[in-house]
Amino acid sequence: MFYREAGDFKTSYEADSQTFPIAFDRWRYWAILAVAYLVIPFVINDYWASALLVPFLIYAIASIGLNILVGYCGQVSLGTGGFMAVGAYACYKLMTSFPDVSIVVHVLLAGGITAMVGTAFGLPSLRIKGFYLAVATLAAQFFLVWLFNKVAWFYNYSASGQINAPERFVFGVPVTGANTSAPAQYLVCLVFLTFCALLARNLTRGTVGRSWMAIRDMDIAAEIIGVNPLKAKLTAFAVSSFFIGIAGALFFSVYLGAVEVGEAFGIQKSFLVLFMVIIGGLGSIFGSFAGAAFLVILPVALKVVGVDLLGWPTDLVAHLQLVIVGGLIMFFLIKEPHGLAQLWRLAKEKLRLWPFPY
Amino acid sequence: MKMKTLAAMALAGAMAAGPAMAELVIPDLSYRTGPYAAGGTPFSDGYQDYFNLLNARDGGIGGESVRIIECETGYNTEKGVECYEATKGEGALIYQPLSTGITYQLIPKATADGIPMHTMGYGRTSAANGEVFNWVFNYPANYWDAASVAVNYLLDENGGDLSGKTIALVYHNSAYGKEPIRTLEELSAKHGFTLTQLAVDHPGQEQKSQWLQIRRERPDYVLMWGWGVMNQVAVQEAANIGFPMENFIGNWWAGAEHDVTPAGMAANGYKSLNMNRVVDYPVLGEIKALVHDAGNAAGDGSNLGSVLYVRGMYAAMLAAEAIANAQEIHGVTAVTPAMVRDGMEALDITAARMAELGMDGIGPEFAVSCENHGGSGQGLVQQWNAADGIWVPLTDFIAPDDGVIDPLIAEDSAAFAAESNITPGCL
């Protein structure tokens, strides 16, 4: 009824090729942005920020990054944890070496450094694909974690090998360190997420994104029609690692404040982000958000229901959580292999015809 | 987005349902799941049972009942932060996360929120300097004390001379395991022994290559900084290569029953440090009668009297004493976290008080002050008797070498103070 193209006349090429062709989608988009920027910062508290929203925002950036590589370019990667560690350690070294430069610049630079490292580890993708590439990126994961554990320069020779985020400010408000308020923490991550999501959305709609998708769909055919596989694959690795590096830098500096590489950026982190991408939907920016929300919020919600409402023992709930999350992953993969994004797409199709489906 | 609203409603419901803050709230960030559950479970049982005993026997502390909020961290720092944020709003008085990684995370947060932390024998060693770490306490002993106690014990064994000996350190490749390295390096320079470092990655099930290296190099002694499943694997591997067990010493987190029982008789003679003596204390009988038999046991009640259970109970006792102290200092029973901090800083544990509490000689005597949050740093050495299935204390409490440790603490805490713009001083 109200969700349809009819009646929404486009009079310019820009209007014709805009991200959301349906007026209702555009309003929804602005409404979500308005709530995220104008309402949540005023109602958020420490628990909401630390337990749900900040991790959700950061994991959303990471899964957008991985989605570009896996979902759009078809290159399977298990190195996400390692690349997040590169972002975190780059950010730490920059923060401690140049304390006068803004943290925002450091996070972006950390993303840039991760992009370079990611491109280097992406080189094998020119020769190998599928499972073999997954194994090569797995090597990156283990190598990077080992490196940050082994070389003391990366953690400034601290006795414990931990890195701690010193206090840094944006417009005079602390965003890292102990005195960070929940809204500051939330807003800085939200700004980065908005920037990354807009960038990713527009990249995937343009030439670069189309060449990635061509490589994903059939690399030989793409090469024959003139897509340069070297350029497409390496740009995918670079852009993907850039986002993952930003996520790692925020994860360390804004969210946790202190990390230990083996514990925070181990192989389980790579799998977690990969699950987010798969559950959310490969090749969909919305899917990255949905997958991150699903895997961040579900365990917390289960815990709240099990421990706080039902009063069950904490270990029982923790075990049930594993069972339920695992079960749901299987359920979704069987019932909807294209992820939550596909459910959303179907819902929109139905909405177009509502209330008179044929 | 729908998922988020649902979770939001569930959360809001849970928070509204929470009872009023009229009692003493003690969060227990425990871990009963994951590769470290074997250690986390008995500690948490002991911690909770002691507070339950106080509730049942004395009606709480100073007439205020104690409410424990348990939160499962799984030894994972992200969940640890979530647990901290979830519990701090309930009026939490003191945090004991039993994880060095979570401790590092929580030190700045707890300091900013004004809630004391007690990291007994773990966490950040330089927190012993109370002028820099106003809100963090690690009495009665810390990792660097443990390293020094172990070396002092070996010095004693070797007639005061370790020169030319080799000591291998098998450590958990994390902040926890790396903590003693600097002290051991200093001590190796001082006493002339050679230190070999062998890192074991989380969770520690794969140690073949490390023990192969030990078999090849034949060090005189092996020290271990292990936790969780790593310990039992190490003891088994040491048995497999025929390393003499009496020359293998774990720290106090690598010396509980569940670390040695899987290796059976082969583990006989394995030594470890301990910061509290484990014998059959009268208080354990009271817990059995008033808590377990009343059906209020934390967990399944099977850990009563085990090494880590006793340590958890000891931690709870120190917390309860600090709260009682705070009530006395400030003259109110409903204390705040800031008052508990004052109570911790004025803590004085005497032999007479420990005997009065039914745990005679459980730990060393020590007094806390603003400058020294680290206690006496003493530890003892115990040995596993596999035939009887008990840990036998071999020594009395051994003092660490403060001449080596104090400058290291001063150096590391000064670095932290500079990094986080703290002007050292008492509150």
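Read-outs throughout are calculated quantities, based only on the coordinates presented, and are distinct from any laboratory measurement. Keep in mind that what you see is a predicted model, and the values were worked out from it rather than measured. Every residue, glycine as well, gets a Cβ built from its backbone with ideal geometry; the counts of neighbours run over all protein chains shown.
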Using the per-residue mean of other Cβ atoms lying within 10 Å as a proxy for protection, in what order, highest first, do the peptides A:159-171, A:131-143 fall?
A:159-171, A:131-143
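Mind checking A:296-307 for the average number of partner chain beta-carbons within 10 Å of each residue's beta-carbon? Provide the component values of the computation, followed by the final result.
On the way: counts 4, 7, 2, 2, 6, 9, 2, 8, 8, 5, 0, 6.
Mean partner shielding for this stretch: 5.
Could you work out the local net charge near B:K288, counting Lys and Arg as +1, Asp and Glu as -1, over the other residues with Cβ closer than 13 Å to its Cβ? Don't jump to the answer; show the numbers that get you there.
Working: positive: B:R57; negative: B:D45, B:D49, B:D280, B:E286, B:D293.
After counting each charged neighbour, the total is -4.
Using only atoms on other chains, find how many Cβ atoms lie within 10 Å of each Cβ of peptide A:163-170 and report the average.
On the way: counts 2, 8, 3, 5, 4, 0, 0, 0.
Counting Cβ atoms of other protein chains within 10 Å of each residue's Cβ and averaging gives 3.
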Using Cα positions and a limit of under 18 Å, work out the aspartates and glutamates in reach of B:K79, with same-chain residues fewer than 8 apart set aside.
A:D46, A:E260, A:E263, A:D308, A:D315, B:D28, B:E70, B:E90
When the Cα centres of the stretch B:145-220 and the stretch A:64-130 are compared, how far apart do they sit, in Å?
36 Å
Under a 10 Å cutoff between Cα atoms, tell me which one of A:G248, A:G81, A:G262 has the largest fluctuation in the Gaussian network model of chain A.
A:G262
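If the chain between B:N421 and B:D348 were fully stretched, how many nm would it gain, using 0.36 nm times the residue separation less the Cα-Cα distance?
On the way: separation 73, 0.36 × 73 = 26.28 nm, distance 3.08 nm.
Answer, rounded to one decimal: 23.2 nm.
On average, how many beta carbons from a partner chain sit within 10 Å of the beta carbon of a residue in B:73-80? Present the calculation step by step, with values, prior to reporting the outcome.
On the way: counts 2, 5, 1, 3, 7, 11, 5, 1.
What the average comes to for B:73-80 is 4.
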Looking at the protein assembly as shown, I'd like the Rg to Rh ratio, where Rg is from alpha-carbon atoms and Rh is Kirkwood's inverse mean 1/r.
1.00
Alpha-carbon radius of gyration plus Dmax, which is the widest Cα pair, for chain A in Å:
21.0, 69
If the chain between A:D16 and A:V35 were fully extended at 0.36 nm per residue, the gain over the current Cα-Cα distance would be 4.1 nm
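Using the 2.2 N^0.38 Å rule of thumb for compact globular proteins, work out how the stretch B:257-339 stacks up: its C-alpha Rg over that value, please. Don't skip to the end; give the middle numbers.
Values: Rg = 17.1 Å, N = 83, 2.2 N^0.38 = 11.8 Å.
Normalised by 2.2 N^0.38 Å, the Cα Rg of the stretch B:257-339 equals 1.45.
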With Cβ to Cβ distances under 15 Å as the rule, what net charge do the other residues near B:G343 carry (K, R +1; D, E -1)?
-4
At q = 0.16 Å⁻¹, what is the log10 ratio I(q)/I(0) for the stretch A:76-215, with the Debye formula run over Cα points and no solvent?
-1.01
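First select every other residue whose beta carbon is under 11 angstrom from the beta carbon of B:W384; then total the charges, Lys and Arg +1, Asp and Glu -1. Mind showing how you got there, number by number?
Details: positive: B:K271; negative: B:E246, B:E257, B:D259, B:D388.
Net charge in that neighbourhood comes out at -3.
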Between B:A294 and A:W27, the two model label points (7 Å from Cα along the beta-carbon direction) sit apart by a distance in nm of 6.1 nm
Restricting the calculation to Cα positions, tell me the Rg (one decimal) and the Dmax (whole number) of chain B in Å.
21.2, 71
With the crude spin-label approximation of a point 7 Å out along Cα→Cβ, what separation in nm comes out for B:Q213 versus B:A112?
3.9 nm
Alpha-carbon radius of gyration plus Dmax, which is the widest Cα pair, for the stretch A:271-358 in Å:
15.7, 51
Looking only at the stretch A:317-358, which residues have a backbone nitrogen under 11 Å from a spot 7 Å from the Cα of A:A6 in the C-beta direction?
A:353-356
Using only the Cα atoms of the stretch B:292-427, build the gyration tensor, take square roots of its eigenvalues as a ≥ b ≥ c, and label the shape rounded, prolate or oblate: rounded if a/c is under 1.5, else prolate if a/b is larger than b/c, else oblate.
oblate
The FRET efficiency for A:V173 and A:A139, from their Cβ-Cβ distance with R0 = 56 Å and rounded to 0.05, is 0.85
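Could you give the length gained by full extension between A:K350 and A:M116, i.e. 0.36 nm per residue of separation minus their alpha carbon distance, to one decimal place? Mind showing how you got there, number by number?
On the way: separation 234, 0.36 × 234 = 84.24 nm, distance 4.35 nm.
Computed gain between A:K350 and A:M116 is 79.9 nm.
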Two-site FRET efficiency, A:V104 against A:F271, from Cβ-Cβ distance with R₀ of 35 Å, rounded to 0.05
0.70
So if R0 is 41 Å, what FRET efficiency would B:T196 and A:L123 give, r being the distance between their Cβ atoms, rounded to the nearest 0.05?
0.65
Under 20 Å from a point 7 Å along the Cα-to-Cβ line of B:H330: which residues of the stretch B:108-127 have their amide N that close?
B:109-119
Any idea which of B:G425, A:V277, A:A51 is furthest toward the positive side of the dipole for the protein assembly as shown, if Lys and Arg beta-carbons carry +1 and Asp and Glu beta-carbons -1?
A:V277
